[in-house]
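Step one of this worksheet: look at the structure below.
The values are calculated or read from the model by the stated rules, or taken from the named source; none is laboratory data. Worth saying up front: this structure is predicted, and the values here are computed from it rather than measured. Neighbour counts run over all protein chains shown; Cβ positions are idealised from the backbone, glycine included.
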Amino acid sequence: MLLRPLLISTLTLSSRTSLLYALSRPLASTSTSTMSTFASSNGASNGAPQVVRSATQITITPPNPTALLIIMHGLGDTADGFFDVANMWSRSLPHVKFILPTAPTTPVTMNMGMAMPSWYDIAGLDERTNEVCEGITESRQRIRRILEEENEGGMPYSRMAVSGFSQGGALSLFVGLQQPKEQKLAGVLVMSGYLAGSKQFKLTDGLEDTPVLHCHGTMDPMVQYSMAEKTKAMLVEAGVKDYELVSYPIVHTVNEQEIMRGLEFLSKVIPRGEGGEFDVEEKAPEEMSVKELKAAIKKGGLGSKAVGLCEKKEFVDLLKEHRGASK
């Protein structure tokens, strides 16, 4: 019996090594003026970002975040797969909070039913088998919950963006272009991705001008470049007006040029701003609902101190005490 090769969308060891070398180089060496500007503002004066790891996600939080980026990894990978990229971007975008979730471990049909981190099942990569992707709706709901929690903590949806590599890139399209109109995001960054679950996909009215940057390797043997072209054609036909597809002479991976192009895109759709232009106003604890209080307590890392609290006043007092101590 012939066994099909496994489809795994993680970066290879050699790719990780070369990427780490590229990311270690000073950003000022790039010829793009936008990169150099952001590289000079590394946020060191405001304190280092806090990195929090759990079994389900990694979070990189600067002292005063005014924007959010969610990065979704590829098939068979984890949040660690793009941590180095997020860490590098965080130095150039010191106002951005990064959340890198890890997909649930589930059987993947195309990989002979082997269980691995996967945002949805993949039966094949042709258009017909890709029309229905079991589990993609549930994964969209998970990402939406993250967005909602950040919004409850004071972050506007217009200051949030989603991105991803391969299967994660497909999910970023499925999430970012189907948000409710009132929860429209700032942009979508796709790396080696494609339109998954096309039969379940419907562009939300009002999201036609959501900026999309799609970076893809012309030598990609897994998600072929023709799929990227078809994805753009289908979404433009559906009504998407701002879809840029950029090609690179690489296989199923990312390179330095793509990472820099992604950074340029992010600096445009979720810019830092000047003079407190995008500062997130903190709502007074007394004015918050219990749901908002719990979200703020979680965001402040006060979960252990909230155990056993029941009354709204108790949550209010805990949050007020925390804010007073941090001033």
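Of the residues Ile122, Ile136, only one is crowded, with 17+ Cβ neighbours inside 10 Å, within 29 Å of Ser226 (Cα to Cα) and modelled with pLDDT of 95 or more; which? Quick ask: steps written out before the conclusion?
Details: Ile122 fails: modelled with pLDDT of 95 or more.
Step by step, each of Ile122, Ile136 is checked, and only Ile136 is crowded, with 17+ Cβ neighbours inside 10 Å, within 29 Å of Ser226 (Cα to Cα) and modelled with pLDDT of 95 or more.
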(message) Step by step: first the residues of the stretch 262-287, then only those that are touching an Asp or Glu at 6+ places or on another chain (Cβ under 9 Å) and at pLDDT 75 or above, then the one that is nearest to Glu149 (Cα to Cα). Which residue is that?
(response) Pro285
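Of all residues in the stretch 121-150, which are of a type in the set (Gly, Ala, Ser) and assigned to a loop (DSSP other than H, G, I, E, B)? Working first, answer last.
At the first step, the residues of the stretch 121-150 found to be of a type in the set (Gly, Ala, Ser) are 123-124, 135, 139.
Of everything in the stretch 121-150, those that are of a type in the set (Gly, Ala, Ser) and assigned to a loop (DSSP other than H, G, I, E, B) turn out to be Ala123, Gly124, Gly135.
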(message) So Glu127 ticks every box in (1) surrounded by fewer than 18 Cβ atoms within 10 Å (Cβ to Cβ); (2) within 25 Å of Gly300 (Cβ to Cβ) but one. Which box is left unticked?
(response) (2)
(request) Would you point out the residue of the stretch 220-263, among those that are surrounded by fewer than 19 Cβ atoms within 10 Å (Cβ to Cβ) and among the hydroxyl-bearing types (Ser, Thr, Tyr), that is farthest from Ala161 (Cα to Cα)? (result) Ser226
(request) Give the stretch 84-137 a look and list any residue that's of a type in the set (Phe, Trp, Tyr) and within 26 Å of Ala67 (Cα to Cα), or say none. (result) Trp89, Phe98, Trp119
(request) Of the numbered conditions (1) under 15 Å from Ile146 (Cα atoms); (2) surrounded by 15 or more Cβ atoms within 10 Å (Cβ to Cβ), Ser54 fails exactly one; give the number of that condition. (result) (2)
(message) With over 19 Å from Pro117 (Cβ atoms), buried (at least 20 other Cβ atoms within 10 Å of the Cβ) and touching a residue at least 60 places away in the same chain (Cβ under 8 Å) as the only criterion, which of Gly176, Gly187 stands out?
(response) Gly187
(request) Starting from the stretch 129-148, take each residue that is in the same structural domain as Lys199 (by TED's automatic domain parsing) and list its partners that are assigned to a helix (DSSP H, G or I) and small (Gly, Ala, Ser), counting only C-beta distances under 6 angstrom and pairs at least six apart or across chains. (result) Glu131/Ser198
(request) Go through the stretch 283-327 and give me each residue that's without any contact (Cβ under 8 Å) to a residue 60 or more places away in the chain, of a type in the set (Asp, Glu), within 25 Å of Pro156 (Cβ to Cβ) and surrounded by 11 or more Cβ atoms within 10 Å (Cβ to Cβ). (result) Glu286
(message) Residue under question is Asp205, and the condition is that it be in the same structural domain as Ile70 (by TED's automatic domain parsing) and in contact with an Asp or Glu (Cβ under 6 Å, 6 or more places away or on another chain); does it hold?
(response) no
(message) So, in the stretch 112-149, how many residues would count as being under 25 Å from Pro221 (Cα atoms) and touching a Pro at 6+ places or on another chain (Cβ under 9 Å)?
(response) 9
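So which of Asp84, Asp77 ends up being under 20 Å from Val188 (Cα atoms) and charged (D, E, K, R)? I'd like the intermediate steps shown before the answer.
Working: Asp77 fails: under 20 Å from Val188 (Cα atoms).
Testing whether each residue is under 20 Å from Val188 (Cα atoms) and charged (D, E, K, R) leaves just Asp84.
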(request) Go through (1) under 30 Å from Pro63 (Cα atoms); (2) touching a helix residue (DSSP H, G or I) at 6+ places or on another chain (Cβ under 9 Å) one by one and return the number of the condition Arg261 breaks. (result) (2)
(request) Check whether at least one residue in the stretch 240-249 is at pLDDT 95 or above, of a type in the set (Gly, Ala, Ser) and under 17 Å from the mean Cα position of the chain (by Cα), and report yes or no. (result) no
(request) Taking Val251 as the residue in question, decide whether it is in contact with a Gly (Cβ under 7 Å, 6 or more places away or on another chain) and either free of Cβ contacts under 8 Å to residues at least 24 places away in the same chain or more than 21 Å from Ile136 (Cα to Cα) (or both). (result) yes
